[in-house]
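Reading through the structure tokens given below for one structure.
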Amino acid sequence: MNSSMEPKDLSSALLTSDTSCPGPSGPGREQPECHRPRGSGGRPLGQGRRKDWTFSLLAASLVGAFGSSFLYGYNLSVVNAPTRYIKAFYNESWQRRHGHPIDPDTLTLLWSVTVSIFAIGGLVGTLMVKMIGKILGRKHTLLVNNGFAISAALLMACSFQAGAFEMLIVGRFVMGVDGGIALSVLPMYLKEISPKEIRGSLGQVTAIFICVGVFTGQLLGLPELLGKESTWPYLFGVIVVPAFVQLVSLPFLPESPHYLLFEKQNEAGAVKAFQKFLGKADVSQVMEEILAENRVQRNIRLVPVLELLRAPFVRCQVITVVVIMACYQLCGLNAIWFYTNSIFGKAGIAPGSIPYVTLSTGGVETLAAVFSGLVIERLGRRPLLIGGFVLMTIFFGILTITLTLQDRAPWVPYLSIVCILAIIASFCSGPGGIPFILTGEFFQQSQRPAAFIIAGTVNWLSNFALGLLFPFIQKSLDTYCFLVFAAVCIAGAVYLYFVLPETKNRTHAEISQAFAKRNKVYPPEKKADSATTDETVNGKPEPDSSSTLDSYIKNRVV
């Protein structure tokens with residue numbers, strides 16, 4: 001492919017004439033229908049593509065998510081059902097070594113560490129992503145990551161037989177490393193292989209499989225399955241299965257074409273990858289679009305984290321990602337996942353019924369995540385994200401009232417359960433998956449690894465803080481503890497209402513334009529776009545402009 005194809009020739013091949021159409025829209029705004037690129041049938045390019053899910057795209061998303069975000073969700077919920085058996089195991093191990101039972105406060109501390117060290121491992125994994133990803137790429141990083149999952153599964157499953165509770169704690173840490181790498185690399189991989197028309201739906205696969213993982217952990221934790229005293233170690237051994245499936249399946253799928261082109265300068269490999277993912281031989285238009293971006297970033301190295309934090313033209317994007325990821329963890333959903341049994345116990349549910357009521361939470365969040373994936377390209381990211389946080393605020397307030405008044409009437413505890421299910425549905429319909437999508441959409445290729453490190457760091461530190469502190473918050477505030485989460489949700493919703501633009505079907509250049517007014521600085525590539533526009537107005541277009549194809553089409557239509 002000739003990367004220096006002149007825009008004039010390219011536009012003639014892509015566009016059809018329509019003299020009755022009004023002028024093109026301004027930068028950063030939606031183009032009129034008649035100004036969008038059209039195919040040979042006269043239909044705007046992109047129409048109908050939402051249904052054009054090729055086998056390779058489906059396989060990459062399903063296999064990638066099953067061995068990555070599924071395991072993250074599974075490990076959020078798997079420690080819930082066998083809690084009493086694990087604590088008994090800790091007590092027996094302690095008594096065998098020291099000759100006396102473990103102190104209750106020490107047991108509480110060990111249990112809190114067991115739950116929260118998963119997040120510390122996630123932070124370590126996130127910080128490893130840039131170094132590993134630069135060398136191995138997206139696909140091979142996911143493959144290597146399975147080594148962490150298999151090692152963690154063996155440590156945790158064998159801890160009971162070995163009589164060493166330290167193996168369970170170390171296994172949780174190693175599993176956190178796997179989750180940290182997976183939740184940074186998988187969204188990047190899915191974002192870079194998907195056409196922008198289905199980018200949101202494909203990105204929601206990450207959230208859907210997190211919910212499926214949570215549900216599976218709850219299901220296998222039932223007493224009729226593996227949630228018994230004699231079989232609880234096998235709950236952790238199950239982790240080997242998704243890791244093995246990804247390990248034997250993902251090698252048959254291509255690497256990210258963006259990674260091949262931008263970081264490996266392998267244009268032929270990128271063409272083959274796009275042909276496989278898009279299911280067609282002619283990928284010249286897609287390649288020309290990203291080659292235009294490549295010309296802008298040709299001499300740009302991967303941006304370090306500190307440099308990205310200091311860059312004025314992405315300051316608002318960075319702040320927004322930090323706010324979104326902090327709210328994602330601190331909104332209270334992980335508290336419900338980690339401590340569902342105790343919450344339902346306080347709601348008055350009989351101990352024998354708690355595992356089955358808990359199972360309903362996993363089913364509801366899975367259905368809500370699937371719903372979000374189906375409507376995200378129609379409704380957009382902004383309404384789902386803000387609306388989810390607002391609904392969570394309302395239901396957290398109602399939950400506080402019902403828990404406070406649960407002894408007043410026999411039906412009040414059941415209203416508490418309805419509130420919990422509504423909170424979970426509100427979270428998974430928007431805030432549960434969209435933060436990962438937005439992190440990939442806000443930043444260009446050279447900035448994306450650093451952006452995911454920042455997002456992952458905030459995510460895992462918030463996760464750790466919540467897992468460690470929530471038992472003490474619950475003990476101090478009792479039924480009013482959920483008002484803390486309501487405050488977090490409403491604060492996040494207000495911030496996003498005033499700052500977050502809609503990113504649906506927008507290119508990176510258009511998203512940067514939307515943020516430019518708040519940053520009060522135009523990014524370098526935007527200046528190039530502006531220069532091209534001025535030259536076009538003056539009748540002197542440069543044949544080899546460094547602006548993106550989208551900006552060119554906006555300002556010059558045949």
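The values are calculated or read from the model by the stated rules, or taken from the named source; none is laboratory data. Values in this document were obtained by computation on a predicted structure and should not be read as measured data. Please note: Cβ atoms are built from the backbone with ideal geometry, for glycine as well, and neighbour counts cover all protein chains shown. What goes into the accessible areas is simple: the full protein's heavy atoms, side chains included, and nothing from ligands, DNA or RNA. Shrake-Rupley method; radii C 1.70, N 1.55, O 1.52, S 1.80 Å.
Some values worked out for this structure:
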read-out	value
Check on Phe515, modelled with pLDDT of 50 or more and open to solvent by 60 Å² or more (accessible area, probe 1.4 Å)	no
Condition check for Gly352: at pLDDT 90 or above and open to solvent by 20 Å² or more (accessible area, probe 1.4 Å)	no
Set Glu192, Glu166, Glu197: member being among the acidic types (Asp, Glu) and open to solvent by 30 Å² or more (accessible area, probe 1.4 Å)	Glu166
Tally, over segment 227-246, of residues that are in contact (Cβ under 8 Å) with a residue 40 or more places away in the chain and either polar (S, T, N, Q) or open to solvent by less than 70 Å² (accessible area, probe 1.4 Å) (or both)	13
Matching option when the condition is at pLDDT below 85 and buried (at least 17 other Cβ atoms within 10 Å of the Cβ), among Ser77, Ser61, Ser93	Ser77
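To keep it simple, each residue is scored yes or no on (1) under 16 Å from Gln246 (Cβ atoms); (2) touching an Asp or Glu at 6+ places or on another chain (Cβ under 6 Å).
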site	(1), (2)
Lys134	no, no
Gly137	yes, yes
Ile150	yes, no
Phe160	no, no
